[in-house]
Each structure stands twice: as structure tokens, then as C-alpha cells.
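Accompanying notes for the structure given below.
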Amino acid sequence: MLIRRSLEISSSCFTTIISILQGVALAILADNTFNDPSPLAYFHSVCLALVLVGVFYTYVNMSILLRWAPSFLDSFMPFMIAGLEIPPAYFLGQVAAWNTWLGMLWLGAATGFYVNIKWSPASHFGKEPKAHRIFHRMYHELMLTSLACGLAMGFFGISAHLYPAAGPWLGVAGVVTVLATMAIFVARSEIRSSQIHARFGVHRPPFN
């Protein structure tokens, strides 16, 4: 009974926490989008909105695939990762700060994926070890994608701070990097999730 309670509460807790943080981030983003807007600020706003959707999608997907008794680290990670979505909403149109905060967000996401890889045993997938291997492959891909994006955005942010004249180009580079990362992120998640569900006889076409 204790095991059942511990495993049942994890998904509802995490989705609730993420939903609250996403609501706060979205409200701040909406409030700041139209304050002295510029084309770059609008692009930043759209990119950040997509990131909010991506984070929520990842946690919902994870809550379906994994179950565990929540620890302090499990409680801390959603606040750390989702909390990093909020500061960029205050720096729309400001290349150095926005790129740097997005870099920190993606590096935080890479850390979260590493933790999930480390603490997701094969027992989470019953008698389907191949599903476990597919899950680890998916999270390795997402971790490397997040790490690459985080480092690139950090580089763009520092470069924009050191060379303000290159700010517009670095702003465009940051937007393109985030959009490309989100496209890769969703594509790998959808394809791997479909493969995992297929191992259990569940028809879940990717991008459906």
C-alpha cells in the first residue's frame, strides 16, 4: 500500500507544480510582451512561449513513462528548471540577458535529463527491457540537445555583452537556436515515445 501511494502521487505532484510555475511564467510573459515592444522582443516572446510548452510537454510525458517515490531532489528539480523560465520574460528584446538566461535554462534541463537517466531503473518498464533502453536513448538525445543549446546560448549571451554592436545578429542567432532546439526536442521525444508505447502494444503515432 505504501509503495502504491508513493508511486501514484509522483505524477500528479509534478504536473501540478509545473502547471503552477508555467502559469506564473506565462502571466509575466504576457504582461511584458507589450511593454515597449520591438520585433526582437516579439520573437523572444514567441520562443519563450514555445519553451513553456516544451517544458510542460516533457514533464507530462515523463510522468507517463516513469513512477517513483518523490525525494527532496525530485521536488527541487521542477522548481529549478521551470523557475528558470521566468527571468527571461523580464528581458525581452535584451539580447545579452535573454540569451544568457535561456542558456541557463537549457543547461538546467540537461541536468534534469541526466538525473532521470541515472535514477530510472529497468523495473520501471516491467518485462520490456527494450523499452527501458529506448527511454535511455531518448533522454541521452534530449540531454545532449539541451547541453548544446545551453552552451550556444551562453556563448551568444556573453558575446552580446562583450560586443554590443553585434547584438542584433546575436539576437537572431539566439532565436534560431531556440527554434531549432525545440524542433529537434519535439521530434526525438515523439519518435522515441511512439517506439516505447509500441513495445506495450499501444498505438501512438508520432506527431498525432
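The values are calculated or read from the model by the stated rules, or taken from the named source; none is laboratory data. Computed from a prediction, not measured in an experiment: that's the story for all the values here. We work out accessible area using only protein heavy atoms, side chains counted, and drop any ligands, DNA or RNA first. Shrake-Rupley method; radii C 1.70, N 1.55, O 1.52, S 1.80 Å.
Using a 1.4 angstrom probe on heavy atoms only, work out the carbon and sulfur share of the accessible area of the range 1-90 in %. Spell out each step's value before the answer.
Details: 3520 of 4730 Å².
Carbon with sulfur: 74 percent of the solvent-accessible area.
Per residue, what accessible area does the range 85-175 have, given a 1.4 Å probe and all protein chains present, in Å²?
On the way: 4370 Å² over 91 residues.
Counting only protein heavy atoms, the per-residue value for the range 85-175 is 48 Å².
Counting only residues 5 or more places away or on other chains, whose amide H sits under 5 Å from the amide H of residue 67 once H atoms are built in the peptide plane?
So residue 67 has HN proximity to no qualifying residue.
In the P(r) worked out for the chain, what percent of Cα pairs fall beyond 26 Å? If you can, show how the numbers build up before the last one.
Details: 7912 of 21528 pairs.
Pairs farther apart than 26 Å: 37 percent.
Measuring with a 1.4 Å probe in the full set of protein chains, what accessible area per residue, in whole Å², belongs to the range 1-72? Before the final figure, lay out the partial values.
Details: 4030 Å² over 72 residues.
Heavy-atom accessible area per residue stands at 56 Å².
Probe radius 1.4 Å, ligands and nucleic acids ignored: give me the carbon and sulfur share of the accessible area of the range 117-208 as a rounded percent.
Details: 3560 of 5120 Å².
For the range 117-208, the apolar C and S fraction of the accessible surface comes to 69 percent.
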